[in-house]
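Just so it is clear, none of the values below were taken in a lab; they were calculated from the coordinates. In this text, all values refer to a predicted model and were calculated from it rather than measured experimentally. Here the Cβ is made from the backbone with ideal geometry for all residues, glycine too, and neighbour counts use every protein chain on show.
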């Protein structure tokens, strides 16, 4: 932990673990019968198996949990996934590198620009090209705004899961303003296909600075309202403090990243500790927690919105003029106007959109810090216009394995709070 870390120690300083301090029970069986315990043990007569999901509204999508219950206490739990399986990694092998962002953007549909960024950076690493500075700053601007919109969605759904239904309205309201800006830039509210190998699809629109400035002026006051409504609310604190506790050793052993890892007090943010793009040129704090519970995970996301606003404020001053994509005819399609004027431009346009561009043989992995943690893209190229293999390291998928540890010994009512605090996106889990 460095001086750049913003440590959270909010709420009751004497908060304790609510879960029983018993030996951790492992769940590695594949069917419900394995969870029922020993039929000859009379204590097992008070236990039951409960399916939570995949249709339950508080499982944030098609997530199913098999719970071994004793009364209202969760003894063991097992996440069951695969209900939304789309095979996107296999699909990527049939798409050209230019078509790839249209596929990966649909994985984490709450933060689609990060999937596009990870894919594009990996392809650019294989190509050995550097995008123009303006394109990089545009990517940073869009990703930080996307981080804000993702965390606002978390605040909205987290509040609703815990009974603060009005928070759903407020969080959705602020997120809508960010999505409206995205629509001006990319033409779409989500699944943008905006960040592409070589740069971005289009330059920022006229008046973009004023639009961003309006967001910067509006959001801080709204965040203060959230603190009044939630952060300092005794009932809200009671529902989250001491619930779903994870310590740094457990988080690291489970490969947890993002707010889950930082809530334990372990400072790890790829933007700071493994800088990519121009994050080493902007000033921001890495927000870390103290207790590793649901309240810390909530407070970290609340304060990360403020840190993203700080970064965006600096991007406004640092945004240079210049090209928004690399000027390489073999990679970048020609401008639309040139197609009517130049036969060579027409040929390049036809070749790129029908065959795609060839990427040298090799393999590359690039990771970025998404709102949910380390999002990595691994691509193997065989020299053709399509990936030979692609694999995504989805933070939602990895973070889900913390659920049995977070829920063990707690109440089923607290399970809803725990799932919400993990903030899984099932499109990224069942990719």
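From the P(r) of region 192-233, could you give the percentage of C-alpha pairs in the tail past 11 Å?
The answer is 73 percent, as a whole percent.
Using a basic spin-label model with each label point 7 Å from the Cα along Cα→Cβ, how many nm lie between residue 91 and residue 72?
Placing both labels 7 Å along Cα→Cβ, they lie 4.2 nm apart.
Could you work out the relative contact order of the chain? I mean the mean sequence separation of Cα pairs under 8 Å and 6+ apart, divided by the number of residues, in percent.
27 percent.
Can you tell me the convex hull volume per residue for region 236-371, based on C-alpha atoms, in Å³ to the nearest whole number?
So the per-residue hull volume is 186 Å³.
Note the angle between two axes, namely the Cα long axis of helix 208-226 and the longest principal axis of the Cα atoms of the chain, as a number of degrees from 0 to 90, rounded to the nearest 10.
The two axes meet at around 10 degrees.
PRE reach from residue 255 (point 7 Å along Cα→Cβ): which of region 384-422 fall under 19 Å by backbone N?
Taking a point 7 Å out along Cα→Cβ of residue 255, the residues of region 384-422 whose backbone N falls under 19 Å are 389-406, 422.
Only counting other Cβ atoms within 10 Å, I'd like 182, 154 sorted with the fewest neighbours first.
Arranged by neighbour count, lowest to highest, 182, 154 become 182, 154.
Mind pulling the angle between the C-alpha long axis of helix 412-422 and the longest principal axis of the chain? Nearest 10 degrees, somewhere in 0 to 90.
20
Give me the number: length gained by fully extending residue 202 to residue 51, i.e. 0.36 nm times residue separation minus the C-alpha to C-alpha distance, one decimal in nm.
49.7 nm
Sorting 150, 381 on the 10 Å Cβ count, fewest up front, what's the list?
381, 150
If you fit an axis through the alpha-carbon atoms of helix 133-161 and take the longest principal axis of the Cα set of the chain, what angle between them do you get, 0 to 90°, nearest 10?
Tilt of helix 133-161: around 30 degrees.
What does the extension gain come out to for residue 347 and residue 173, with contour length at 0.36 nm per residue minus their alpha carbon separation?
Additional length available on full extension: 58.0 nm.
Expressed in nm², what is the orientationally averaged projection area of the convex hull enclosing the Cα positions of the chain?
The number I arrive at for the chain is 21.7 nm².
Taking other Cβ within 10 Å of each residue's Cβ, how do 168, 407 sort, fewest first?
Listing 168, 407 from fewest to most nearby Cβ atoms yields 168, 407.
Could you calculate the contour length gain from residue 129 to residue 224, that is, 0.36 nm times the residue separation minus the distance between their Cα atoms, to one decimal place in nm?
Length difference between fully extended and current span is 29.9 nm.
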